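Written out below as structure tokens is the structure these notes cover.
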Amino acid sequence: MAKHFELKKSSNSQYFWSLHADNNEKILASEMYTTKQAALNGINSVKTNAALDARYDRRVAKNGKPYFVLKAANGEIIGTSEQYSSNEGMEDGIRAVKNAGPTAPTTDNA
């Protein structure tokens, strides 16, 4: 399946999304939202901010593995990546979000 956002509803009736690359690998995941509209707003924020390198915060997890978060203009975290085995892998993940984020359609499974 081509790049896309997948919107889902959790067992506790909250909403969340994930962004998938062209190979269907999950490259960014959201927090939980109390409403579907809030989750959709999060997707729109990714579309607005994904192309801007300054919006990526490169981090290191407690276990030493690199990961990144995508932030909105106000500094709030929009989405979080998986943990990577190398900085190169993390940078590949950022490139994938930059590529997919701005134009990916949304699959609504909520």
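Scanning the stretch 69-110 for residues being more than 13 Å from the chain's Cα centre (by Cα) and part of a strand (DSSP E or B) gives a total of 3.
For the stretch 52-88, the candidate set comprises residues that are of a type in the set (Asp, Glu) and within 13 Å of Ser30 (Cα to Cα); within that set, the residue that is surrounded by the fewest Cβ atoms within 10 Å (Cβ to Cβ) is Glu76. Within the stretch 18-42, the residues that satisfy the criterion of being crowded, with 20+ Cβ neighbours inside 10 Å and aliphatic (A, V, I, L, M) are Leu19, Ala21, Ile27, Leu28, Ala39. In the stretch 8-17, the qualifying residues are those that are of a type outside the set (A, V, I, L, M, F, W, C) and surrounded by 14 or more Cβ atoms within 10 Å (Cβ to Cβ), and the one that is nearest to Gly89 (Cα to Cα) is Lys8.
Residue-by-condition table, conditions (1) hydroxyl-bearing (Ser, Thr, Tyr); (2) over 21 Å from Glu6 (Cα atoms):
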{"residue": "Asp53", "(1), (2)": "no, yes"}
{"residue": "Arg58", "(1), (2)": "no, yes"}
{"residue": "Gly64", "(1), (2)": "no, yes"}
{"residue": "Phe68", "(1), (2)": "no, no"}
{"residue": "Lys71", "(1), (2)": "no, no"}
{"residue": "Asn74", "(1), (2)": "no, yes"}
{"residue": "Ser81", "(1), (2)": "yes, no"}
{"residue": "Gly89", "(1), (2)": "no, yes"}
{"residue": "Ala96", "(1), (2)": "no, no"}
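Residues in the stretch 62-104 that are out of contact with any Ser or Thr (no Cβ under 8 Å at 6 or more places or on another chain) and of a type in the set (Lys, Arg): Lys62, Lys71, Arg95, Lys98. In the stretch 9-68, of all residues being under 11 Å from the mean Cα position of the chain (by Cα) and assigned to a loop (DSSP other than H, G, I, E, B), the one that is farthest from Asn109 (Cα to Cα) corresponds to Ala50. Which ones in the stretch 92-109 are in contact (Cβ under 8 Å) with a residue 60 or more places away in the chain and buried (at least 16 other Cβ atoms within 10 Å of the Cβ)? Scanning the stretch 92-109 gives Gly93, Ala96, Val97, Asn99, Ala100, Gly101, Ala104, Thr106. Within the stretch 55-87, the set of residues being among the hydrophobic types (A, V, I, L, M, F, W, C), more than 25 Å from Ser10 (Cβ to Cβ) and in contact with a Lys or Arg (Cβ under 9 Å, 6 or more places away or on another chain) comprises just one member, Ala73.
Given the criteria among the basic types (Lys, Arg), touching a residue at least 40 places away in the same chain (Cβ under 8 Å) and either in contact with a strand residue (DSSP E or B) (Cβ under 8 Å, 6 or more places away or on another chain) or at positive phi (or both), does Lys3 qualify? Considered against the rule, which asks whether it is among the basic types (Lys, Arg), touching a residue at least 40 places away in the same chain (Cβ under 8 Å) and either in contact with a strand residue (DSSP E or B) (Cβ under 8 Å, 6 or more places away or on another chain) or at positive phi (or both), Lys3 comes out as yes.
Here, each number is a calculation from the coordinates, and none is a lab measurement. None of these values were measured; they are calculated from a predicted model. Heads up, the Cβs are rebuilt from the backbone with ideal geometry, glycines too, and the neighbour counts pull from every protein chain shown.
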